[in-house]
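Asker: Pasting in a structure now, in structure tokens, and then I'll have a few things to ask.
The values are calculated or read from the model by the stated rules, or taken from the named source; none is laboratory data. Please read these numbers as outputs of a predicted model, since none were measured by experiment. All Cβ positions, even for glycine, are placed from backbone atoms using ideal geometry, and neighbour counts span all protein chains on display.
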Amino acid sequence: MSSKWRKLKLAFGFNSCIHIPKQFDDSSTSLNTNARFSADTSADTSAVTLSVRSPSSSAHRSLKSPKGTCAICLNSLKPGNGQAIFTAECSHSFHFHCITSNVKHGNQICPVCRAKWKEVPFQSPDLHPRNSQLTRDNGWPAAIRRLPSSTQVNAGGQISSLYHVTEPAIFNDDEPIDQHTSIPCDNNSIETNCHDIINKVEIRTYPEVSSVPKSASRDAFAVLIHLKAPQSESKQYISGNDTDSSPPPVENSRASVDLVTVLDVSGSMLGTKLALLKRAMGFVIQNMGPSDRLSVIAFSSSARRIFPLRKMTDIGRQEALQAVNSLVSNGGTNIAEGLRKGAKVFSDRRWKNPVCSIILLSDGQDTYTVNSRPGVGADYQSLVPNTIHHNNNSLGLQIPVHAFGFGADHDATSMHSISEISGGTFSFIEAEEVIQDAFAQCIGGLLSVVVQEVKLDIRCVHPRLQLSSVKAGSYRTSLTTDGRMASINVGDLYAEEERDFLVTVNVPIDSSNDEMSLLNVKGFYRDPITKEMVALEETSEVTIERPNISRELVVSIEVDRQRNRLQAAEAMSEARIAAERGQLSSAVSVLDSCHKTLSESVSAKSGDRLCVSLAAELKEMQERMANQHIYEQSGRAYVLSGLSSHSAQRATARGDSTDSTTLLQSYQTPSMVDMVTRSQTMVLGAPLRRILQPAKSFPERHRR
């Protein structure tokens, strides 16, 4: 227990005036009976959710500001830079304008150690008209007021924040954004003129073999369609106190993002979990650019919008950090209400950034919406608002939910279902301390979207050819009844992200020519900056030779690799079904059989990286199905996160997948890797050696 708190203190980069609670606070007995509490702590909640020593103690007097950093805005405290510095009676220091803004909204406790102050700073509005004007113009902070007591519980037995936030009936109070980076919500027009850009989407095709004899026919002849998005033209925004004086990238150098985070602050988040969540959210806020907008929804027994879509300018980031710091944990878990509020932010907004997404984090099970009864499957569809259902095209909202299951007690099935229904991904945060790395990987992708609404059209060229199947994972496909045409809706792609789709055709006998054209593939996408639809100028045509006699053929490694991926995903799905029925030995057998088949393939023998990753993952899943307890603790979530990743061909966090030394790094893009590296080398905005190492899978069991 004590070592856990020491690691947390080190992760925050300062010596905190905190101690491990020795006894439970009496007020906890008045909480709602639906509330879930952490087994580790049960004290009053705060920004770090730890009890504090008396402000007059010697421990308080000896503390200094954490590495010379303001704990509110996370920028450096350097005397002589034109900013006043306030040092409190507990010896922690802050920028004067940061702490006065904090106090103005009712905070009279130290944001670092939670000590109650007897003397608080006050700023006259006449002294700094610029700051006061900013406060008046930004409507959402004015709607925040301090509750009478941070430990007071309302009649419903729930609190989601130290602040009570007044919500409007319609969430149309989003902060306006520049015209050249936004789309007014009532503008449904689409420009069809092609936009000539330097780096286009790359499209390639690979037949499984290069030739088929004239006298032979082939059923289910495989053709691989490979897509790769162009590089990003700009680096992601980094805020903080860097010494680099170069200006930030221009606002339209990448697609701006509207992001809503829906965060579980129920009773079980008390303590370390909530503190690490706040740190992870601080990382997200600091890495969003001034054209990106963020809104935060906190939910427990009910949900509340903490602030509307707000541009992450310097002022926006500062106030977002303050709002996130105000979150406290209490109550039950109402995921559906949190998602409803999150979807409402998008449906009611006046302006649209090109990229939009929801990040959902929960460590528990929804006890308000989903009721599983024996013999009746849970209705996970009811958790997701109709407006953000992936297949609901009538409302025109494409808002993927990237769901993060936190710890061993979350409902992996519901979180995976939410991500599937909305078109997002599901990540499993097994070790609490890697939550920031998991968020970093996610936003590394969201902040690097280079193409949107990608669509592929596939047409048979030879008059007697027919398509027999289109294997595209979770992506929507269509196939005409005559088998002559098909399409794949791919959606958004991150910079340098790749997609592979396997189609099969029935190749007929044909002695008329020495060569046969099989398929023609065309691509279209929307440029997120110009909003124009772009057609790929070069179409890809698949041809094979038709010799008179058979030749010794070599199977395409590219095709073989993707066959392995699809077979592994099918084996994972089959094993999961068996495991849910309690047939763990059958589940392990399915995975082991797939592992052996994969190891004998052409691509695996060539040392293909994806095949190595798949083999390691299959072995890991077998270990997580060793018995029912292990499967329920981590196996189910691990398998579902893997299925989510392979189905969407997009990186998800699971086990030690964010560790640079792991084999499980499938689908990570350079932008994701860069952001995770930044997370692992920076704490609270300052360079620091990695203190919290991602936990290896099953640290309590020895590897063989």
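Asker: So, in segment 193-208, how many residues would count as being modelled with pLDDT of 95 or more and of a type in the set (Asp, Glu)?
Answerer: Within segment 193-208, residues that are modelled with pLDDT of 95 or more and of a type in the set (Asp, Glu) number 1.
Asker: Continuing with this model, one more query. I'm trying to understand the selection: among the residues of segment 524-548, which are farther than 27 Å from Val507 by Cβ and not acidic (Asp, Glu)?
Answerer: If the condition is that a residue be farther than 27 Å from Val507 by Cβ and not acidic (Asp, Glu), then Phe524, Tyr525, Arg526, Pro528, Ile529, Thr530, Lys531, Met533, Val534, Ala535 are the ones that fit.
Asker: Looking at Glu541, Glu600, Glu558, Glu545, which one is of a type in the set (Asp, Glu), in contact with an Asp or Glu (Cβ under 9 Å, 6 or more places away or on another chain) and farther than 30 Å from His416 by Cα?
Answerer: Step by step, each of Glu541, Glu600, Glu558, Glu545 is checked, and only Glu545 is of a type in the set (Asp, Glu), in contact with an Asp or Glu (Cβ under 9 Å, 6 or more places away or on another chain) and farther than 30 Å from His416 by Cα.
Asker: Still on this structure, please answer the following. Which ones in segment 410-432 are small (Gly, Ala, Ser), under 17 Å from Ser474 (Cα atoms) and in contact with a strand residue (DSSP E or B) (Cβ under 8 Å, 6 or more places away or on another chain)?
Answerer: Result: Ser419, Ser422, Gly423, Gly424, Ser427.
Asker: Output the residue which, of all residues in segment 473-492 that are hydrophobic (A, V, I, L, M, F, W, C) and buried (at least 21 other Cβ atoms within 10 Å of the Cβ), is farthest from Ile421 (Cα to Cα).
Answerer: Step by step, filter segment 473-492, then rank; the result is Ala486.
Asker: Out of Glu600, Glu632, Glu623, which single residue is in contact (Cβ under 8 Å) with a residue 60 or more places away in the chain, over 30 Å from Val450 (Cβ atoms) and surrounded by fewer than 19 Cβ atoms within 10 Å (Cβ to Cβ)?
Answerer: Just one listed residue meets the conditions, Glu623.
Asker: Between Glu537, Glu541, Glu558, which is in a helix (DSSP H, G or I) and either closer than 15 Å to Phe221 by Cα or outside the structural domain of His595 (by TED's automatic domain parsing) (or both)?
Answerer: It is Glu558.
Asker: Right, here's the next one. Any chance you could count how many residues in segment 494-521 are outside any loop (DSSP other than H, G, I, E, B) and of a type in the set (Asp, Glu)?
Answerer: Total meeting the criteria: 3.
Rundown of residues vs (1) in contact with a His (Cβ under 7 Å, 6 or more places away or on another chain); (2) without any contact (Cβ under 8 Å) to a residue 60 or more places away in the chain, yes/no style:
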position: Arg476; (1), (2): no, no
position: Arg484; (1), (2): no, yes
position: Leu493; (1), (2): no, no
position: Asn506; (1), (2): no, no
position: Ser511; (1), (2): no, no
position: Asp527; (1), (2): yes, no
position: Ile544; (1), (2): no, no
position: Leu553; (1), (2): no, no
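Yes or no, residue by residue, for (1) among the aliphatic types (A, V, I, L, M); (2) modelled with pLDDT of 50 or more:
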residue	(1), (2)
Glu175	no, yes
Gln179	no, yes
Glu191	no, no
Ser210	no, yes
Arg218	no, yes
Ala222	yes, yes
Ile225	yes, yes
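Asker: List the number of the failed condition for Val470; all other conditions in (1) free of Cβ contacts under 8 Å to residues at least 40 places away in the same chain; (2) surrounded by fewer than 19 Cβ atoms within 10 Å (Cβ to Cβ) hold.
Answerer: Unmet condition: (2).
Asker: Another question, if that's okay. Regarding segment 332-340, can at least one residue be identified that is at pLDDT 95 or above and assigned to a strand (DSSP E or B)?
Answerer: No - not one qualifying residue is present in segment 332-340.
Asker: Still on this structure, I have one more. Can you report the number of residues in segment 556-594 which are more than 24 Å from Arg636 (Cβ to Cβ) and surrounded by fewer than 15 Cβ atoms within 10 Å (Cβ to Cβ)?
Answerer: 0
Asker: Failed condition for Glu496, given (1) within 28 Å of the chain's Cα centre (by Cα); (2) at negative phi, with all others met?
Answerer: (2)
Asker: Moving on to the next point. Give the number of residues within segment 267-319 that are of a type in the set (A, V, I, L, M), closer than 24 Å to Val434 by Cβ and assigned to a helix (DSSP H, G or I).
Answerer: Residues that pass the stated criteria total 9.
Per-residue answers, yes or no, for (1) of a type outside the set (Lys, Arg); (2) outside the structural domain of Cys98 (by TED's automatic domain parsing); (3) under 18 Å from the mean Cα position of the chain (by Cα); (4) under 25 Å from Asn75 (Cα atoms):
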site	(1), (2), (3), (4)
Met281	yes, no, yes, yes
Ser302	yes, no, no, no
Ser326	yes, no, no, yes
Ile335	yes, no, yes, no
